[in-house]
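Please see the structure below; I have some questions.
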Amino acid sequence: MNQQQNVAEQQNIQSGSETQPAFRTTIEPRFCETDAFGHIGNTVLPTWFEHARKPIFQEISKSFSKEKWPTIIAHASYDFINQIFIESNVDIDISISHIGNKSFTVHHDAWQNNTKVAEGKTVIVWFDHSDQQTKPIPDEVRQRLQKFVIK
């Protein structure tokens with residue numbers, strides 16, 4: 001089962017965490033996500049990170065329809081720091097690390113058993129699909145996103 005919660009107002013969210021994340025999503029690893037060594041496979045983490053961004057997506061647009069969706073991903077990267085196994089849930093903390101004129105960057109930290117197991121970042125660009133061009137992030141969206149910036 002996956003759970004998401006706004007953790008910006010909670011205290012002592014993660015032992016060893018440098019900053020307070022905006023959101024935390026708890027992922028219960030599934031057997032089909034493991035490889036032959038019993039690790040979570042390397043193709044799984046980007047999907048978990050995308051799922052963890054859902055609260056930010058909800059701040060961007062109230063509709064998930066393709067006709068109204070205002071962003072695209074320009075860059076995504078992640079690094080494994082420790083092995084991730086099926087036996088324990090994984091908490092994914094997300095925050096916004098940068099807001100530019102036409103894009104913003106989401107930072108992800110994955111934790112298992114109070115150990116940081118992976119981190120990543122995703123650059124999301126404001127995009128008008130009808131004319132296939134980037135656009136400035138609207139001021140009202142920028143204001144909503146600002147409260148999730150890492151401090």
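Roughly how many nanometres apart are two label points built 7 Å out from the Cα toward the Cβ at HIS98 and ASN113?
3.5
Moving on. Place a label point 7 angstrom from the Cα of LYS68 along the Cα-to-Cβ direction, then list the residues of segment 110-129 whose backbone nitrogen is under 17 Å away.
In segment 110-129, the label zone of LYS68 (backbone N under 17 Å from the point 7 Å along Cα→Cβ) covers 127-129.
For the chain, with the dipole built from +1 on Lys and Arg beta-carbon atoms and -1 on Asp and Glu ones, taken about the Cα centre, which of HIS107, GLY120, PRO70 lies farthest toward the positive end?
PRO70
OK, next. What is the gain in length, in nm to one decimal, between SER61 and HIS75 on full extension, counting 0.36 nm per residue of separation less the C-alpha to C-alpha distance?
3.0 nm
Restricting to DSSP loop positions (anything but H, G, I, E, B) with no more than 12 other Cβ atoms inside 10 Å of their own Cβ, which GluC sites (Glu not before Pro) remain in segment 55-151?
Here the sparse-neighbourhood loop sites are GLU67, GLU87.
May I pose another question? Report the percentage of all Cα-Cα pairs in segment 37-92 whose separation exceeds 18 Å, rounded to a whole percent.
45
Please list, by residue number, every one of the trypsin sites (Lys or Arg not before Pro) in segment 37-80 that is coil in DSSP and has at most 15 other beta-carbon atoms within 10 Å.
LYS62, LYS66, LYS68
Can you compute the charge dipole magnitude of the chain about its Cα centre, using +1 on each Lys and Arg Cβ and -1 on each Asp and Glu Cβ, nothing else charged? Give it in debye, rounded to the nearest 20. Working shown, then result.
Details: 15 positive and 18 negative charges, 96 e Å.
That gives the chain a dipole magnitude of about 460 debye.
Any read-out appearing in this document is the output of simple, stated calculations on the displayed coordinates, not a laboratory observation. Please read all numbers here as calculations on a predicted model, not as lab measurements. Cβ atoms come from the backbone with ideal geometry, glycine included; neighbour counts cover every protein chain shown.
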